[in-house]
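Reading through the structure tokens given below for one structure.
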Amino acid sequence: MASDQQQSGEMHPTRWGDPARAQALPDGARGMVELVFGVDDRPALDAAPLPPVAIDAAVLAELARAVGPANVRTDDETRRVRTRGKSTPDLLRARAGDLTDAPDAVVRPGSHDEVAAVLAIAVEHHLAVVPFGGGTAVTGGLVARRDGYAGVLSLDLVRMDRLVSVDHISMTAVLEPGLRGPEAEALLAAEGMTLGHYPQSWEFASIGGFAATRSSGQSSAGYGRFDALVVGLTVATPRGRIDLGTAPANAAGPDLRQLFLGSEGAFGVITAVTVRVRKLPEVKVYEGWRWPSFAAGAAAMRTLAQSGLLPTVLRLSDETESAINLADPAAIGAEASQACLMITGYEGEPAAVEAKRAAVTAVLAGLGGTGAGTAAGEKWAHGRFDAPYLRDSMLDAGVLVETLETATFWSNVTRLYDDVKAALTAALGEPSLVLCHISHVYETGCSLYFTVAAKEADDPLAQWRAAKAAASDAMIDAGATITHHHAVGTDHKPWFAREIGPLGVSVLRAVKADLDPTGVLNPGVMIP
Ligand SMILES: Cc1cc2nc3c(=O)[nH]c(=O)nc-3n(C[C@H](O)[C@H](O)[C@H](O)COP(=O)(O)OP(=O)(O)OC[C@H]3O[C@@H](n4cnc5c(N)ncnc54)[C@H](O)[C@@H]3O)c2cc1C
């Protein structure tokens with residue numbers, strides 16, 4: 001209710017990340033942008049007006065009794081930074097001053113019971129509830145339907161930021177959902193442990209968000225995707241509480257944890273996550289490899305995955321991405337090479353790291369890779385969280401930059417790569433660039449992650465929607481998934497429906513109807 005000063009660690013309302021790190025395009029990059037696209041400076045509108053608060057004062061007072069008056073906020077600044085997520089369409093709309101999806105109020109519960117109390121009030125007054133972790137969603141997961149509801153609450157889990165317990169014998173830890181990536185790692189490090197989950201959004205994204213979207217981090221080859229790290233969950237639903245995960249494995253019917261992992265706030269609010277943890281690594285070594293082609297590098301990744309020889313980090317850029325070198329914006333344009341850059345990283349105890357590194361080196365060298373040394377690896381590690389800031393600088397210069405991702409089996413990778421790249425290139429027209437990398441591998445297949453850059457059209461939102469639809473059609477037509485780790489949100493729903501078919505959709509709707517009979521949880525998100 002009260003206007004209060006912003007919490008520390010909040011992101012810029014119209015850009016990615018820490019407002020203090022917003023930067024102009026580095027000179028090298030600006031030169032290249034000028035050459036390829038032509039610079040067309042497009043300033044953002046940072047302080048656009050918000051729609052009026054639609055929720056009655058009496059209902060806000062009821063919420064304030066449930067979570068404390070300081071934890072119900074309706075001031076513009078708090079609502080503004082919880083409007084949508086951080087996809088390029090989200091940023092374009094915020095930059096244009098479109099805040100029509102702003103929540104009416106931001107409610108910050110401090111415990112499972114307070115979450116349950118807020119859900120009860122939401123049901124009673126028919127308020128839509130949008131769980132908010134880090135706010136880094138990129139597929140519309142924070143854009144709930146407003147029609148038919150008395151208002152929209154952003155349920156900000158930021159106060160639920162405790163390391164609840166650690167089990168040093170079983171190597172598990174119970175984390176609250178509002179912990180951001182760095183906070184969780186710092187708390188675990190004090191116990192000699194690590195989670196090892198480092199998505200590019202790590203600095204701002206939350207534990208609850210990782211679970212709710214089935215996120216995958218840059219070290220997935222070594223530590224596994226986030227859903228593979230989860231051994232237990234506690235969830236608050238409008239029908240009550242559910243606790244899942246009583247053993248490392250079981251045969252007690254279908255695994256209900258999987259219903260909530262990836263449920264994007266539509267089935268319940270995740271209020272605690274029990275994760276598998278590892279010993280804090282003593283050493284971390286990152287190095288580069290060069291491959292004559294993307295296909296040759298991908299084949300080497302497959303060999304590693306299928307021989308059980310995966311490093312902690314394993315990623316491969318295609319020819320265009322290698323030439324552009326996204327890891328180092330200052331060097332853009334400076335290094336042009338036809339070779340494809342692979343990064344391998346090893347984390348753990350020194351002897352184990354050296355043994356794995358020697359074995360992987362032998363395989364990669366035997367397959368035709370050329371070692372590029374640790375400098376290339378360190379450069380990647382150093383800049384691994386910087387690319388999203390570059391996106392903002394490109395948007396400032398009138399260049400549309402966005403990413404999308406998918407996954408398929410090894411036998412289908414070439415077709416998927418060709419089809420998605422062709423779809424994006426045709427839809428975006430000239431001048432545009434389509435870059436791709438592989439950064440998550442499995443014995444049976446891998447994900448493909450595309451980045452596009454194109455000169456902004458008069459209506460960049462329509463321009464991107466057309467390209468995204470063409471790429472999404474290409475993914476489903478090729479038999480791949482609509483998302484390997486960005487989740488469904490609202491953007492992917494039509495293609496998700498095609499992926500799982502009418503019976504799959506019907507199962508999801510039935511679960512939703514049982515857990516959330518009045519439909520207050522993230523309406524319109526995830527379920528087609
Ligand atoms: C620049 C950038 C880079 C990214 N890189 C990666 C990457 O490398 N790997 C990757 O997997 N993803 C990546 N993402 C996507 C995003 O960061 C992930 O989806 C992340 O897991 C979202 O976490 P969050 O805490 O920000 O969730 P939010 O954005 O707050 O929420 C995401 C969805 O989960 C729901 N939700 C959040 N918390 C809870 C909860 N406690 N209970 C129930 N539902 C909840 C929300 O309602 C929403 O639908 C990236 C995004 C950006 C902007």
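Counting only lysines at least 8 places from residue 279 when in the same chain, those with an alpha carbon closer than 27 Å to its own are 356, 379. For the listed peptides 149-158, 387-396, a ranking on the average number of other beta carbons within 10 Å per residue, highest first, reads 149-158, 387-396. In this label model, residue 477 and residue 21 are separated by 3.8 nm, measuring between points 7 Å along each Cα→Cβ vector.
DSSP bridge analysis restricted to the chain gives an antiparallel fraction near 85%, rounded to the nearest 5.
Per residue, the chain exposes 38 Å² of accessible surface when a 1.4 Å probe is rolled over the protein heavy atoms with every protein chain present.
Assuming R0 = 35 Å, can you tell me the calculated FRET efficiency for the pair residue 42 and residue 258, based on Cβ-Cβ distance, to the nearest 0.05? Before the final figure, lay out the partial values.
Values: r = 43 Å, r/R0 = 1.22.
So, using R0 = 35 Å, E works out to roughly 0.25.
Modelled this way, with points 7 Å down the Cα-to-C-beta line, the labels at residue 296 and residue 282 are 3.7 nm from one another.
What longest region of the chain stays clear of GluC sites (Glu not before Pro) that DSSP places outside H, G, I, E and B and that have at most 15 other Cβ atoms within 10 Å? All intermediate terms of the calculation are to be shown ahead of the outcome.
Working: sites that count: 191, 282, 335, 443.
Looking at the chain, 1-190 is the longest stretch - no exposed GluC sites (Glu not before Pro) with at most 15 other Cβ atoms within 10 Å.
Remark: spin-label model distance residue 422-residue 306 equals 2.6 nm, labels positioned 7 Å along the Cα→Cβ axis. Ligands, DNA and RNA left out, the accessible area of the chain computed with a 1.4 Å probe is 56% carbon and sulfur.
Rounded, prolate or oblate: pick one for region 194-309, where a ≥ b ≥ c are the square roots of the eigenvalues of its C-alpha gyration tensor, a/c under 1.5 means rounded, and failing that, prolate if a/b is larger than b/c, else oblate. Cα axes put region 194-309 in the prolate bin. Take the convex hull of the alpha carbons in the chain; its mean projected area over all directions comes to 23.0 nm². Using a/c under 1.5 as the rounded threshold, could you call region 398-528 rounded, prolate or oblate? The axes a ≥ b ≥ c are square roots of the C-alpha gyration tensor eigenvalues, and prolate needs a/b larger than b/c, oblate otherwise. It is oblate, given that a/c is not under 1.5 and a/b is not larger than b/c. Computing FRET efficiency as 1/(1 + (r/R0)^6) for residue 251 and residue 518, where r is the C-beta to C-beta distance and R0 is 41 Å, gives about 0.75.
In straight-distance terms, cross-link reach from residue 455 covers every one of the lysines whose alpha-carbon lies under 21 Å from its own, apart from those fewer than eight places away in the same chain; here that gives 86, 421, 468. How far is helix 460-477 tilted off the main Cα axis of the chain, in degrees rounded to 10, range 0 to 90? Computed tilt is about 70 degrees. Under the convention that each Lys and Arg Cβ holds +1 and each Asp and Glu Cβ holds -1, the size of the dipole of the chain around its Cα centre is about 900 debye. A Förster radius of 45 Å, combined with the Cβ-Cβ distance separating residue 409 from residue 54, puts the computed FRET efficiency at roughly 0.40. Taking a straight Cα-Cα cut-off under 20 Å and skipping sequence neighbours fewer than 8 places away in the same chain, the aspartates and glutamates within cross-link reach of residue 493 are 90, 101, 147, 264, 402, 405, 473, 477, 516.
3J(HN,Hα) along region 367-378: 8, x, x, 10, x, 10, x, 6, 4, 5, x, 5 Hz, from the Karplus curve 6.51 cos²θ - 1.76 cosθ + 1.60 with θ = phi - 60°, whole Hz, x for Gly and Pro. With both partners inside region 78-229, how many of the DSSP beta bridges are antiparallel, as a percent to the nearest 5? So the antiparallel bridges in region 78-229 amount to around 40 percent. Axis of helix 387-396 versus longest Cα principal axis of the chain: the two differ by about 80°, to the nearest ten degrees.
I'd like the orientation of helix 112-125 relative to the chain: the angle between its Cα long axis and the longest Cα principal axis, in ° from 0 to 90, rounded to 10. The angle comes out near 60 degrees.
The values are calculated or read from the model by the stated rules, or taken from the named source; none is laboratory data. Just so you know, these numbers come straight off a predicted model, no measurement behind them. Using ideal geometry, Cβ is built from the backbone for each residue, glycine included, and neighbour counts are taken over all protein chains shown. When the accessible area is computed, the model is the full protein with side chains, heavy atoms only, and any ligands, DNA or RNA have been set aside. Shrake-Rupley method; radii C 1.70, N 1.55, O 1.52, S 1.80 Å.
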